[in-house]
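These notes concern the structure reproduced below.
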Amino acid sequence: RAMGDRLPEAAALIVGQHHEQWNGEGYPLGLKAQEICLGARIFAVVDTFDAITSDRVYRLGRPYEAALDEILKFGGIQFDPAVVDAFTRIDPSDWERLRHQCLAHT
């Protein structure tokens, strides 16, 4: 791989850690709580939200409320509770606006 093809270090850290879990039961390193970089803890919540609400070839996306329930259910287990708390303060209409903007650019 050419040197210019590498991810910036901070981005690589987020990608590499976003499957770690707050309780230490994630992968690949079994990191927990503050051992997981903040960017990865945020990305884990947002990635889960996107996965639940987006259409896939094998199922339709679920509504905002279903994604929120799932994220709340796993706060303090899979997800950083402070990140979950911050996520819940974002107005659902803002998420809908962002979704439409992203879909317009794909």
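The values are calculated or read from the model by the stated rules, or taken from the named source; none is laboratory data. Just so you know, these numbers come straight off a predicted model, no measurement behind them. Every residue, glycine among them, receives a Cβ derived from its backbone with ideal geometry; neighbour counts consider all protein chains shown. Just so you know, the surface numbers come from the protein's heavy atoms only, side chains and all, with ligands and any DNA or RNA stripped out. Shrake-Rupley method; radii C 1.70, N 1.55, O 1.52, S 1.80 Å.
Among the residues of the stretch 78-106, which ones are of a type in the set (V, I, T) and under 16 Å from A40 (Cβ atoms)?
V83, V84
How about the stretch 32-63: which of its residues are farther than 13 Å from I14 by Cα and either part of a loop (DSSP other than H, G, I, E, B) or β-branched (V, I, T) (or both)?
K32, T48, I52, T53, S54, D55, V57, Y58, L60, G61, R62, P63
Residue under question is I90, and the condition is that it be in a loop (DSSP other than H, G, I, E, B), among the hydrophobic types (A, V, I, L, M, F, W, C) and either within 27 Å of N23 (Cα to Cα) or open to solvent by less than 40 Å² (accessible area, probe 1.4 Å) (or both); does it hold?
Taking the combined requirement at face value, the residue satisfies it.
Mind checking which residues of the stretch 17-51 are open to solvent by 40 Å² or more (accessible area, probe 1.4 Å) and within 16 Å of A82 (Cβ to Cβ)?
Within the stretch 17-51, Q21, W22, N23, K32, Q34, E35, L38, I42, F43, V46 meet the criteria.
Check N23 against each of (1) over 26 Å from L7 (Cβ atoms); (2) at pLDDT below 95 and name the one condition it does not meet.
N23 satisfies every listed condition except (2).
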